[in-house]
1. Taking amide H positions as placed 1.01 Å from N in the peptide plane, with prolines and chain starts having none, which residues 5 or more places from residue 23, or on another chain, fall under 5 Å of its amide H?
2. With the full set of protein chains in place, find how many percent of the accessible area of segment 45-85 is carbon and sulfur; take the probe as 1.4 Å.
3. Using the Cβ atoms and a cut-off under 10 Å, what net charge is assigned to the surroundings of residue 59, where Lys and Arg are +1 and Asp and Glu are -1?
4. Over all alpha-carbon pairs of segment 16-121, lay out the pair-distance distribution in 10 Å bins, whole %, shortest bin first.
5. Mind checking the alpha-carbon convex hull of segment 61-155 and giving the volume per residue in Å³?
6. Check which residues have an amide H placed less than 5 Å from residue 51's amide H, if you skip close sequence neighbours.
7. Solvent-accessible area per residue for segment 25-174 at a 1.4 Å probe radius, Å²?
8. Take the Cβ-Cβ distance between residue 157 and residue 118 as r, set R0 to 35 Å, and report the resulting FRET efficiency rounded to the nearest 0.05.
Amino acid sequence: MDPHPTTPPTSSPHGAGSHTTLLYARPGIVVTVDRLTIGHSSWPVAELTHLHTTRGPHDRVAVRAVLVTGGMISGVGLLLGFTGGLHRLTAGAYLTIGAVFLLPVLLAVAGDRWRPPAYELWGRLRGTDELLFASDDERQFGQVTRALRRALEMRRHGGWEDPLAPAAPWRPGR
């Protein structure tokens, strides 16, 4: 049995016997020159076009809280307006009503702060837009996006060969 097993080269359009270049690898996420694999889904990089990033929808609980609070405050305002109770209020009551009207805005800001919308990476595959990757972690999202863009560039330009690799380093004569 061979103590140092070798991995056979994978087939690649960049030449016979070339290894597939690994650009990003974390648990559940692998980006190579040939494929993007997220969980159990995998897409060929050569067929991906029109990459773009967006932010996902806001948290449903925060949206509901804003809508319910805004509706209740509007209802109280309308009720006071129709009953003629607005002219009997003191200045302090008006300040309190103004502060209460800020409550939906504060809830919306807090909801986006606690549960921000996810970052989403979309691409077109065979004429349909597909969600390729989504993450709450901005750093991880940036790394995956950059790796996929590098993979597309490497495929477009036929691979990246290090221009200095065949050159011998300069050494001073002694």
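The values are calculated or read from the model by the stated rules, or taken from the named source; none is laboratory data. These numbers were taken from a predicted model, which means no experiment stands behind them. Using ideal geometry, Cβ is built from the backbone for each residue, glycine included, and neighbour counts are taken over all protein chains shown. Accessible surface is based on the protein model in full, side chains and every heavy atom, while ligands, DNA and RNA are left aside. Shrake-Rupley method; radii C 1.70, N 1.55, O 1.52, S 1.80 Å.
1. Long-range HN contacts for residue 23: 31, 32, 33.
2. On the way: 1950 of 2770 Å².
On segment 45-85, the fraction of accessible area on carbon and sulfur atoms equals 70 percent.
3. Working: positive: 60, 64, 115; negative: 112.
Local charge sum for residue 59: +2.
4. 12, 25, 18, 15, 11, 10, 7, 2, 1
5. On the way: hull volume 13.1 nm³, N = 95.
For segment 61-155, the hull spanned by Cα atoms encloses 138 Å³ per residue.
6. HN-HN under 5 Å from residue 51: 124.
7. 71
8. Efficiency, rounded to the nearest 0.05: 0.65.
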